[in-house]
Structures are given as structure tokens and as C-alpha cells.
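Have a look at the structure below before the remarks.
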Amino acid sequence: MDHRFVPYSALCLVASVLRGSALNLASSFQTDRIGWTGNASAVRLLEVDEYVAEKSPAGCELHPDQSIRTLLRVIVPNNHGSTAMQAVLMSSSSVATLCTSNVWQCEGHKLLEQQGHGSATEELDSDLMLETYSKFWNLERPVLLDKKTKWMSLAIDEDRPLLEATPPRAMRRLGVRSIQPAYLIMYKHICLWPMSHFVTQHVQADPKTHAQRELAEIEEQVELHRYLVSAGRPVLVVNYADLIKHPHFTRKRLEAFLPCAGAFDMDFVPQLGVDVFPGNAIKITTGVQTYGNEANLKQCCNFQLGKPRKGEYGKCLKDDTRPNQQVNFRGGLEQFLDSDEQSRLELATRYLDELSYT
């Protein structure tokens, strides 16, 4: 199989061209990565093909080589549930975080900025990054967590240098000779925006701009996933709705992807002074599972839960209800996107939906 990387932007161009002629297509055809078909109503995405649907290798082994550390990069946009995912991951005593650095949200780019080593908008110097992070990671643990919530597309440029980087001295003293990147991508359906107070403020101020930002972010995640698969990297895709509403399903997927981490606690609450610290500004009072039990995604967000065991994806419902009483519009954010942007959003969401159930 040809595993050359085809940029997602090129596929969107194909989608744009096809969209106007879909009604006249008598037969379907397939690109080398994503399938398309025309029907009586619209262009729609076919099932993710063999290239992207083949099962990703695990991020680590059940009994890992002591000379290897897994660098787990969690790729989640701001205000899309990254803190909840981080809480679940830190429930394992085999996962090291950067929280002891006492920086905001335990995020590596904040640590680098704090120490004068660039900003989130710049590609990282891999050796400098690893040397800086190693001062705060518990290097005895097999999985080293790095949460990335801004400029996600830079993760593509940073991937190979991280793979080729020399472990810093602190790691070498423990016998670590190799760092293996693995990736966890979590996305959030566009209609779930009322679940975040900060996002609600953005939507109130400028719904169109926020809708376009949501589109750009999910397309970045698709682009990153396609690159990682083409490069043979371990990568797991999770959607936020499943994290909070189907915690047992999500836990099994996480444990299968990271067997060296052991069991995860889906209702873990980080303890101040032990797991998190004041400068992290992480204020979690309930675990993911408890929070999910109390959340009504249909009522708050017009979202219909999927059924993972049946392979039925969750989806944003297209109705005329007001998703949040603080905004002055009815219906979903999609209405603020033009027809081409709506098609791209549907494509990108369906792409990740397919992968979140594999």
C-alpha cells in the first residue's frame, strides 16, 4: 500500500470541487486515502479506508524495555476537555506529568515560555524541550505526558526531531536510550460548546469567528492524524462525548493503547499538593465519570449520544432549539459557516468519528 502523506487541505479542495457536481455523479470513486460518493442530496464521506482504519500500534508494551520512554503527546484544543483527559491519565502511577513545574494547566509550552525558551507559536527545539521537561517529569515512569493545546499543526514538524532526539543526561543516568513518541488526539463535536463557560463567552461575542475556529482546529487534528499514520506513529483518537458519557468504553481503549500504564481510574480527582499544585490552576472537584453521569448532552447541547458497541456515532442534532439561553440565536454554530465550510466540517468530524470507534 502506498503510504505517502497527502495533505488534508488537498482533500478539502477535492471536496470543494466535487460538491457542486455531486448531484450528477452516477457512480462513486475513491481517492487514495478518503472515499467520496455523490447521491441525490449531498457529497458524503465514506468509511475511513484501509489506510487510516488499520489498527494503530500500541503506544507502549505491557512490559516495556527499561531503556525506552514513551512520550505521550495529548493533542486537544483549548477548552475542549484536555484537563479532564489529563486527570484520567494522571490516575495511573506509570504516567508522569509536568504538574510539579507549577505552571498553568501543567502544559509544556507554558513551562518553556516561563523559562524563556520560546512560545507556543514556535516549533520546539527537541533537545531543549526534553532537557527542560526532564527536570519535572518523574523519569522512573514509562510514560511521559506532554499536553499540547495550541498550534497543534506544529506537532507534525516536531515529530521526527523528537523521535531522533538524544535523551537528556537525566534520562541517560537511568539507562534511557530511546524516546518513542505516541499521540492521543481528542476532539469535541461543535455543538458541545455550551459545556465550557469560556467558549460560551467567545460564542456570545462572535459566533461566526468561533465556528470558523472550531473548523480550523478539527481540520488541524485530521491533518495531524493523517501525517502520524503515514509516519507509522502510534495514535489514538478519542471524542470528548465518549470520554464523559462512555467512560468504561474509553478506559478500555486507553488501556489497550497504553498497556504499560496499567489501569486508569475514570473518576480520579487530582489531589492538591500531590498530583497538582497551585500554579497549575486546575480546579477539579469531581471525576470524569461522575461529571458525565450528571451531564445531559441532549438538553444542554442538542447532541445525540452514540452507541459505541453498535458502531453508531454521536452527532449534533439539526433542530431549531436554542442551545444556550445566553446567546441570541437558535440552532447550531454550523449556520455561521458557508456551505463549503459546512461540508469540510462534516468531512473532518466524520473522519475522526470513524477512528474514535476503532
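What follows draws every value from the coordinates through simple rules; no lab data is involved. A quick note: this is a predicted structure, and the numbers were derived from the prediction, not measured. Reconstructed Cβ throughout: ideal geometry from the backbone, glycine too, with neighbour counts over all protein chains shown.
Worth pointing out:
- Mean Cα-pair separation over length for the range 156-256, i.e. relative contact order, pairs under 8 Å, 6 or more apart, %: 34 percent
- Förster radius 22 Å - calculated FRET efficiency between GLU164 and THR358 (Cβ-Cβ, nearest 0.05): 0.15
- Between HIS202 and ASN328, the modelled labels are 2.2 nm apart [label points 7 Å from Cα along Cα→Cβ].
- Computed FRET value (nearest 0.05) for ASP65 with LYS298, which takes r as the C-beta separation and R₀ as 51 Å: 0.65
- Volume per residue that the Cα convex hull of the range 72-226 spans, once the total is divided by residue count, Å³: 114 Å³
- Cα-projected label distance for ASP265 with ASP157, points at 7 Å along beta-carbon direction, nm: 4.0 nm
- Kirkwood-Stokes translational diffusion coefficient of the range 213-307, alpha-carbon pairs, 25 °C, 0.890 mPa s, µm²/s: 155 µm²/s
- Of the cross-linked pairs LYS148/LYS318; LYS135/LYS283; LYS110/LYS298, those separated by over 29 Å at the C-alpha level are LYS148/LYS318; LYS110/LYS298.
- Annotation for LYS318 and ASP340: the two label points, set 7 Å from Cα along the Cα-Cβ direction, are 2.0 nm apart.
- Evaluated at q = 0.15, 0.18, 0.22, 0.28 Å⁻¹, a Debye calculation over the C-alpha positions of the range 187-234 (equal weights, vacuum) places log10 I(q)/I(0) at -0.48, -0.61, -0.76, -1.00.
- Binning the alpha carbon pair distances of the range 158-291 at 5 angstrom intervals from zero yields the distribution 2, 8, 12, 14, 17, 20, 16, 8, 3, 1, 0, expressed in whole percent.
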